[in-house]
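First comes the structure, then the notes that go with it.
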Amino acid sequence: MTLGVGGSTAEIELAKLTDMTQGVTAITEQEFRQRIAKAQSIMQSQGIDAVYLNAGTNLYYFTGTRWYASERMVGAILPAQGELEYIAPAFELDTLEGFMVIKGKVNTWQEDESPYALCGEVIAAMGISAGVVGIDESAAFFIFDGLRQAHQQYQYVNAKPVTAGCRTIKSATELSLLQRAKDMTLEVQKAAARILREGITVAEVESFINQAHIAVGAPAGSYFCIVLFGEDSAYPHGVKSPKALELNDTVLIDTGCQVQGYNSDITRTYVFGTPSARQRELWQHEQDAQIAAFNAAQIGTPCADVDKAARVVLEAAGFGPGYDIPGLPHRTGHGVGLDIHEWPYLVLNDHTPLAAGMCFSNEPMLCVPGEFGVRHEDHFYMTDNGPKWFTKPAHSIDDPFGYQA
C-alpha cells in the first residue's frame, strides 16, 4: 500500500486537525492606499482618466470592501487624481459603509433609477467631462453597455493594465497569506489520503475535505474540490458520474481554500494500493515535466517558455504533440491570488516576462483517456533569484507526502 494512503477514518483524521490561522496578518489600510496610489500612477502613464471597479476581487483589492457582483451595480470610481467614490443602491448604503476599509462618498440610486447615468454624472463631477474610462475587466457586459449608452462622451477601455498591473506583483503580506492557505490545504490533502478505503465514494471524500478545511481554519471550507478515481482521473475537471474507489486505482485530488480571500490550489496523484509499472512511468513523466517548468521560470523569461519546458519533456516521452492527448491538453499553470485563476498565465501565447512577486500554479497534467491521468500541482512565486515553491512537489509515487523523506 502506498505510504500514507488508507488505514484511518474521517473521525480520527478530523480530530487531529487544528486551526492553522493563528498569527495571520490581514492586509492593512495602509497597503490598500498604496495599491490605490500605484493604480493612479499607472492610469496617469496610460492616459486613463478614471476606472470603474466592480464588486468582486478588484473592488476588494483596492478598497478592502467585500461585495459580490450581482445584477445591481455596486462598485467604485477611481479617478487618476483625487479620491475614489462608490456607486450603490440606496437601500444598501448602511451595509456597504459597514464593509468599507477605504472610506469614500457613496453615490446612491433608487431601484427605478439608472446607476449607469449616475456613474457618468459622478465621473463628470470629478472634473472629467470627457476622456478615457477604464472598465473593470470582470464587470458584466450589461454594466459596460449601460455606461456607454448613458454617456457616449467617454472612450471606454479595458482596465486590465491597471488592475493586473497592480495585482500581478504580490506584496510580502500577500505572499504570507498565500503560503498559509497552501500549508492548510496540504495538511488536508494528507488527511484525505489517510481516510481512503475500498468502496469510498467521491461525495464522501469531498465532504471530508470540506470539513477538514474548516477544521484547519477556513470558515467557508473548501473553495473547490475535485476527487477522481481510476480512469476518471484522465479528465482534468471530472466526469458526470464518478466511480467509487477500487484497489490499485489512481487517485487524483485537487482542492483549495481561502485565507483572507487568498487561494490555495494543490493537486496530489497517487495509487490506492500497489502502483503498476504504467502508473509509475506516467507519474514520473508528469513530475519531470513539473520540475522542468519550475526550472525554466527565471526572472525575465516569458511565461510561454515555462509552458514550453513542460511540453518538451512530455513530447520527448512520446505524448502530444501540442495539446493532443494522450498528453498535456491545457496550459501548464495560472497566476493565483484573490482569484484562483488570474494573470499572467503559463501558456504559449502569454509572453509576460516573469518578475519578482508573481505567483503561479505549476500543473502540466498528463491525460491518458482509457487509462488514467496524473496531475502534480504545486504553486511557486518568483523572487529576485528565481522561483521558490510554496509547497514542494510530491516526494515519490510510493511516498507522495514524503513521510520517509
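Listed values, structure above:
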item	result
Hits in segment 258-272 - residues which are part of a loop (DSSP other than H, G, I, E, B) and open to solvent by less than 10 Å² (accessible area, probe 1.4 Å)	S264, D265
Scan of segment 273-298 for residues that are surrounded by fewer than 21 Cβ atoms within 10 Å (Cβ to Cβ), polar (S, T, N, Q) and out of contact with any strand residue (DSSP E or B) (no Cβ under 7 Å at 6 or more places or on another chain), ordered by number	T274, S276, Q284, N295
Complete set of residues in segment 333-351 that are over 23 Å from E286 (Cα atoms) and surrounded by fewer than 17 Cβ atoms within 10 Å (Cβ to Cβ)	H351
Residue satisfying all of: in segment 132-141; touching a residue at least 12 places away in the same chain (Cβ under 8 Å) and open to solvent by 10 Å² or more (accessible area, probe 1.4 Å); nearest to the chain's Cα centre (by Cα) among these	S138
Answer residue from segment 221-255, given it is at pLDDT 95 or above and at positive phi and is nearest to the chain's Cα centre (by Cα) among those	G221
Matching residues in segment 154-182 - criterion: being assigned to a helix (DSSP H, G or I) and in contact with a helix residue (DSSP H, G or I) (Cβ under 8 Å, 6 or more places away or on another chain)	P161, V162, T163, G165, C166, R167, T173
Segment 233-252 - residue that is among the polar types (S, T, N, Q) and open to solvent by 30 Å² or more (accessible area, probe 1.4 Å) and, of those, nearest to H379 (Cα to Cα)	N248
Yes/no for T25 being in contact with a strand residue (DSSP E or B) (Cβ under 8 Å, 6 or more places away or on another chain), surrounded by fewer than 18 Cβ atoms within 10 Å (Cβ to Cβ), part of a loop (DSSP other than H, G, I, E, B) and touching a residue at least 60 places away in the same chain (Cβ under 8 Å)	no
Strands (runs of 3 or more DSSP E) wholly inside segment 299-374 that include at least 3 residues being aromatic (F, W, Y) and either touching a residue at least 60 places away in the same chain (Cβ under 8 Å) or in contact with a strand residue (DSSP E or B) (Cβ under 8 Å, 6 or more places away or on another chain) (or both)	none
Breaking point among (1) over 23 Å from the mean Cα position of the chain (by Cα); (2) in contact (Cβ under 8 Å) with a residue 40 or more places away in the chain, for A37	(2)
Residue in segment 219-232 that is open to solvent by less than 60 Å² (accessible area, probe 1.4 Å) and within 21 Å of G320 (Cα to Cα) present	yes
Test: I36 is of a type in the set (V, I, T), surrounded by 14 or more Cβ atoms within 10 Å (Cβ to Cβ) and assigned to a loop (DSSP other than H, G, I, E, B)	no
Test: T255 is β-branched (V, I, T) and either buried (at least 16 other Cβ atoms within 10 Å of the Cβ) or assigned to a helix (DSSP H, G or I) (or both)	yes
Residue in segment 156-168 that is hydrophobic (A, V, I, L, M, F, W, C) and without any contact (Cβ under 8 Å) to a residue 60 or more places away in the chain present	no
Residue in segment 67-85 that is within 23 Å of the chain's Cα centre (by Cα), among the hydroxyl-bearing types (S, T, Y) and under 20 Å from C166 (Cβ atoms) present	no
Subset of segment 284-298 (residues that are more than 12 Å from M365 (Cα to Cα) and either part of a loop (DSSP other than H, G, I, E, B) or out of contact with any helix residue (DSSP H, G or I) (no Cβ under 9 Å at 6 or more places or on another chain) (or both))	A297, Q298
The one condition in (1) of a type outside the set (F, W, Y); (2) under 20 Å from Y270 (Cα atoms); (3) buried (at least 16 other Cβ atoms within 10 Å of the Cβ) that Q404 fails to fulfil	(3)
Any chance A10 is more than 30 Å from G217 (Cβ to Cβ), in contact (Cβ under 8 Å) with a residue 40 or more places away in the chain and surrounded by 13 or more Cβ atoms within 10 Å (Cβ to Cβ)	no
Unmet requirement for S207, which otherwise passes all of (1) at pLDDT 95 or above; (2) open to solvent by less than 70 Å² (accessible area, probe 1.4 Å); (3) under 20 Å from the mean Cα position of the chain (by Cα)	(3)
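Rundown of residues vs (1) under 30 Å from P79 (Cβ atoms); (2) in contact (Cβ under 8 Å) with a residue 40 or more places away in the chain; (3) outside any helix (DSSP H, G or I), yes/no style:
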residue	(1), (2), (3)
L147	yes, yes, no
I214	no, no, no
P236	no, yes, yes
E246	no, yes, yes
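The values are calculated or read from the model by the stated rules, or taken from the named source; none is laboratory data. What you see is a predicted model; the values in this text were computed from it and never measured. Don't worry about glycine lacking a Cβ; one is built from the backbone with ideal geometry, like all the others, and counts go over all protein chains shown. Calculation scope for accessible area: heavy atoms of the full protein, side chains included, ligands and nucleic acids excluded. Shrake-Rupley method; radii C 1.70, N 1.55, O 1.52, S 1.80 Å.
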